[in-house]
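Everything below concerns the one structure shown next.
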Amino acid sequence: MGEILEGDRNLGFLVLVVFVAPIAEELAKGLGILRVRAHINEMEDGIVYGASSGLGFAATENLLYGAVAYVAEGLGASLMIIGMRSFSSVLLHASASSAFGYGVARSRISPQPKSILPFFLLAVFMHGAYNFFASFGELFAGMYGEGTALIGFVAAVSIAVLAIGLARSAITREERRSIPQ
């Protein structure tokens with residue numbers, strides 16, 4: 001762990017990917033959810049609008065990363081980046097913003113107004129944890145070898161898959177609650 005904090009480059013990179021980017025990106029996606037807040041009539045709406053905001057963000061981000069890779073390294077690198085990110089970061093963006101969307105729905109529908117801040121912080125935490133693991137190769141390759149990139153990628157994808165599973169479970173749970181007994 002000492003190598004991570006050696007030098008301004010690694011520490012700056014870590015702060016950027018684990019704190020700055022998640023806060024900025026979840027705020028941007030959250031603004032999309034808040035924009036449609038008036039259309040949220042049930043809890044599932046918040047989850048779905050949140051996931052939709054995340055999917056749109058992920059598509060745009062993946063296109064930009066792919067374009068940069070194309071210019072820098074060519075078509076093969078571009079397709080690889082887009083493919084990897086489509087498999088992993090799309091799930092993360094959808095699930096993190098669906099957590100925030102759930103919080104927005106809860107604050108709108110609940111008879112007693114609830115704060116959306118814990119749900120925003122949950123989305124930021126999910127995003128930061130994903131970014132940390134996705135950056136394993138960059139952070140730890142010097143200490144542990146090139147295999148750390150694969151370990152980090154698998155961990156990041158696992159976080160995203162788990163999060164999307166939790167979002168789906170929340171939708172199912174809310175649907176069951178809304179069915180008259």
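Of everything in segment 149-181 that's among the polar types (S, T, N, Q) and free of Cβ contacts under 8 Å to residues at least 40 places away in the same chain, which residue is surrounded by the most Cβ atoms within 10 Å (Cβ to Cβ)? Break it down stepwise before answering.
Quick first cut of segment 149-181, residues among the polar types (S, T, N, Q) only: 158, 169, 172, 178, 181.
Narrowing further to those that are free of Cβ contacts under 8 Å to residues at least 40 places away in the same chain: 158, 169, 172, 181.
Values: 158: 13, 169: 10, 172: 11, 181: 4.
Among those residues, the one meeting the criterion is 158.
Name the residues in segment 62-80 that are in contact (Cβ under 8 Å) with a residue 12 or more places away in the chain and either within 28 Å of residue 121 (Cα to Cα) or touching a His at 6+ places or on another chain (Cβ under 8 Å) (or both), would you?
62, 63, 65 - these are the residues of segment 62-80 that are in contact (Cβ under 8 Å) with a residue 12 or more places away in the chain and either within 28 Å of residue 121 (Cα to Cα) or touching a His at 6+ places or on another chain (Cβ under 8 Å) (or both).
Can residue 115 be described as over 20 Å from residue 55 (Cα atoms), of a type outside the set (Phe, Trp, Tyr), modelled with pLDDT of 90 or more and in a helix (DSSP H, G or I)?
Working: over 20 Å from residue 55 (Cα atoms): yes; of a type outside the set (Phe, Trp, Tyr): yes; modelled with pLDDT of 90 or more: yes; in a helix (DSSP H, G or I): no.
No; evaluated as a whole, the condition is false for this residue.
Just the residues that are in contact with a helix residue (DSSP H, G or I) (Cβ under 7 Å, 6 or more places away or on another chain), polar (S, T, N, Q) and at pLDDT below 80, please, taken from segment 124-181.
148 - this is the single residue of segment 124-181 that is in contact with a helix residue (DSSP H, G or I) (Cβ under 7 Å, 6 or more places away or on another chain), polar (S, T, N, Q) and at pLDDT below 80.
Can you name every residue in segment 20-33 that is of a type in the set (A, V, I, L, M, F, W, C) and surrounded by 15 or more Cβ atoms within 10 Å (Cβ to Cβ)? Full working, then the answer.
Applying the first criterion (of a type in the set (A, V, I, L, M, F, W, C)) to segment 20-33 yields 20-21, 23-24, 27-28, 31, 33.
Correct list: 21, 23, 33.
What's the total number of residues in segment 29-83 that are farther than 20 Å from residue 165 by Cβ, among the aliphatic types (A, V, I, L, M) and part of a helix (DSSP H, G or I)?
18
Hey, can you tell me all the residues within segment 36-60 that are in contact with a Phe, Trp or Tyr (Cβ under 9 Å, 6 or more places away or on another chain) and free of Cβ contacts under 8 Å to residues at least 40 places away in the same chain?
36, 39
Keeping to segment 89-111, report how many residues are farther than 15 Å from residue 168 by Cβ, modelled with pLDDT under 95 and aromatic (Phe, Trp, Tyr).
0
Find the residue count for segment 134-181, including only residues that are of a type outside the set (D, E, K, R), under 30 Å from residue 105 (Cβ atoms) and either touching a Leu at 6+ places or on another chain (Cβ under 7 Å) or in a helix (DSSP H, G or I) (or both). Don't jump to the end; show me each part of the working.
Of segment 134-181, the ones of a type outside the set (D, E, K, R) are 134-137, 139-145, 147-167, 169-172, 178-181.
The next check asks that each one be under 30 Å from residue 105 (Cβ atoms); those that pass are 134, 155-167, 169-172, 178-181.
Filter once more, so that each one left must be either touching a Leu at 6+ places or on another chain (Cβ under 7 Å) or in a helix (DSSP H, G or I) (or both): 134, 155-167, 169-172, 178.
The qualifying residues number 19.
The values are calculated or read from the model by the stated rules, or taken from the named source; none is laboratory data. None of the values given here were measured: they were computed from a predicted structure. Positions of Cβ are backbone-derived with ideal geometry, glycine not excepted, and every protein chain shown enters the neighbour counts.
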